[in-house]
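Structure first, commentary second.
The values are calculated or read from the model by the stated rules, or taken from the named source; none is laboratory data. All of these numbers come straight from a predicted model, not from anything done at the bench. Every residue, glycine as well, gets a Cβ built from its backbone with ideal geometry; the counts of neighbours run over all protein chains shown. Note: accessible area is taken over every heavy atom of the protein model, side chains too, but ligands, DNA and RNA are not part of it. Shrake-Rupley method; radii C 1.70, N 1.55, O 1.52, S 1.80 Å.
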Amino acid sequence: MKIAMVGSGYVGLVSGACFADFGHEVVCIDKDQSKIDRLHDGVMPIYEPGLAELVGTNVKAGRLSFTTDLAEGIKDASAIFIAVGTPSRRGDGHADLSFVYAVAKEVGANLANDAVVVTKSTVPVGTGDEVERILSDSGTSHKVAVVSNPEFLREGAAIGDFKRPDRIVIGAENEFGREIMREVYRPLFLNESPILFTSRRSAELIKYAANAFLATKITFINEMADLCEKVGANVQDVSRGIGSDGRIGPKFLNAGPGYGGSCFPKDTLALLKTAEDYESPVRIVEAVVKTNDTRKRAMGRKVVDALGGPDEARGKKVALLGLTFKPNTDDMRDSPAIAIAQTLHDAGVNVAAYDPEGMEIAAPLMPEVAMKDDPYAAIDGADAIAIVTEWDAFRALDLARVKELAKAPVLVDLRNIYQPDDVRTAGFEYSSIGRA
Ligand SMILES: NC(=O)c1ccc[n+]([C@@H]2O[C@H](COP(=O)([O-])OP(=O)(O)OC[C@H]3O[C@@H](n4cnc5c(N)ncnc54)[C@H](O)[C@@H]3O)[C@@H](O)[C@H]2O)c1
């Protein structure tokens, strides 16, 4: 089957490469000429483990190609996926659907055969109805079904998630849509990944509900961590204790500096806007958004405290280890590191940083931070070291070398990757999250 993927970012490129790997013929389309040029040269526009190899293999096999020409790319495609960005709209937090609608218009104007148009972008309830209206207004004479197929992959583990998903959600309003989508996902069906067929509106809401629930779980354990610090408990024991209950589950219960990334912040905001529009408030999510926002700067203040408080901190130097919102990605969107660095800067603290993949993207977002080539260069002369992202490279730092290079042996572990006793025995003043 021929598949067109409009938007070749994180989701479009990974999904397109995986569909090609399943044997479909896939054309990835993007309006960003430089991105398409780089892909033609075998250069990945994002860092994602295994992606370069997967793309290379499938390009070589003739199943995967790239273009900026949408009309050409969608020709003969039975499924046309929309995988463009849906960022927060400036000013009000609604999802900005202008990219999705622009693609729908262009598809309508260029459709040359019957096809299913699939929104893979995360879009608010009712977007599929509007895409359907746009396509019908285009006057196309071809049979079109509009389907919602939200994506649940995680950056850093995207290929595995796409190929072995917990479930595939397909919101379709007619049999034509369901039939094509069954064909698209047949290889996964054979892998016994459950396919959940729903209405289009339910599918659209499932994605937001899933992200809001996960954001809630993270925020819940973060507040438990604060309480642990006050009452002398250990949040990792609390996580294990509640997570081993099958009704709760162990995932997303690692306390940290707050959630960030390309999805949770914007999707929780967009869900609040939908709830507001429909006068059906989701107060739990309102609290989650507020709590998470304030947490990021609070983490900056925690580092200031480790320096001896605001008066002592001024003029001192902090090394930030990790900048991306999580490991194994170069994505800096809404990373807690941005707010932490800003809080430190506001407190008159000089900041040096190292991240294995994120520095190129981070540099313009945090111009006041000195980017260094390796963790030890960042640590050199630092009055405190803060671990912000749990990259493997930071799990086994040479503590003797760290102590020698740093001006003061102060370690703030915002990801709880070290054992307090080990670090204290090595002579560090150590603080972490939710471990008294
Ligand atoms: N990143 C994730 O982990 C993730 C996971 C699940 C769902 N999603 C959702 O998937 C969608 C895409 O996210 P992303 O992270 O891949 O975004 P992205 O910004 O990495 O990629 C979007 C791409 O779309 C292209 N584009 C925009 N308008 C276009 C047009 N008219 N024609 C052709 N190409 C166009 C852009 O140039 C860009 O390359 C969003 O709705 C997001 O919420 C993302």
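Cross-link partners for K266 among the lysines, with Cα-Cα distance under 18 Å and sequence neighbours closer than 8 places in the same chain left out: K120, K207, K217, K290, K296, K326. For region 319-399, the Stokes-Einstein estimate of translational diffusion at 20 °C and a viscosity of 1.002 mPa s comes to 174 µm²/s, using the Kirkwood hydrodynamic radius over alpha-carbon pairs. Taken per residue, the accessible surface of region 2-198 reaches 42 Å², heavy atoms only and a 1.4 Å probe. Where the centroid of each part is defined by its Cα atoms, how far is region 337-368 from region 56-72 in Å? If you average the Cα positions of each part, the centres end up 37 Å apart.
Sequentially through region 353-366, phi angles give Karplus couplings (6.51, -1.76, 1.60; θ = phi - 60°) of 8, 9, 9, x, 10, x, 5, 4, 6, 5, 3, x, 7, 9 Hz, Gly and Pro residues having no value and appearing as x.
Summed over qualifying helices (DSSP H, 4 residues or more, each -39500 (n - 2.57)) and divided by its residue number, the chain shows a 222 nm mean residue ellipticity of -13500 deg cm²/dmol. Dividing the convex hull volume of the alpha carbon atoms of region 208-289 by its residue count gives 92 Å³ per residue. In sequence order, region 208-216 has phi-based couplings of 5, 5, 5, 5, 5, 5, 5, 5, 5 Hz under the Karplus curve 6.51 cos²θ - 1.76 cosθ + 1.60, θ = phi - 60°, and Gly or Pro positions carry x. The smallest convex shape that holds all Cα atoms of region 289-332, its convex hull, gives 95 Å³ per residue. Here, the chain yields an orientationally averaged convex hull projection of 21.8 nm² when only Cα atoms define the hull. Between A370 and V351, A352, A353, the built amide H atoms are under 5 Å apart, and every one of these is 5 or more places off in sequence or on another chain. Here the dipole of the chain is about 620 debye; that uses its Cα centre as origin and unit charges on the Cβ of Lys and Arg (positive) and Asp and Glu (negative). Charged neighbours of F189, selected by a Cβ distance under 10 Å, balance to 0 (K, R count +1; D, E count -1). Using the empirical formula 2.2 N^0.38 Å as the baseline, the Cα radius of gyration of region 4-105 reaches a ratio of 1.08.
Among G139, G261, G73, the largest mean-square fluctuation in a Gaussian network model of the chain, built with springs joining Cα atoms closer than 10 Å, belongs to G139.
Extension gain, A102 to L190: 0.36 nm times the residue separation minus the Cα-Cα distance gives 28.2 nm. Evaluating kT/(6 pi eta Rh) at 10 °C and 1.306 mPa s, with the Kirkwood radius of region 146-214 over Cα pairs in the Stokes-Einstein relation, gives 128 µm² s⁻¹.
Between I242, I387, I46, where does the largest GNM mean-square fluctuation fall for the chain, given springs only between Cα atoms within less than 10 Å? The residue that fluctuates most here is I242. 3J(HN,Hα) couplings calculated from phi for region 44-53 with the Karplus curve 6.51 cos²θ - 1.76 cosθ + 1.60 (θ = phi - 60°) are, in sequence order, 7, x, 9, 9, 8, x, x, 6, 4, 5 Hz; Gly and Pro show x.
Computed over the chain with a Gaussian network model linking Cα atoms closer than 10 Å, the most mobile of A298, A275, A79 is A275.
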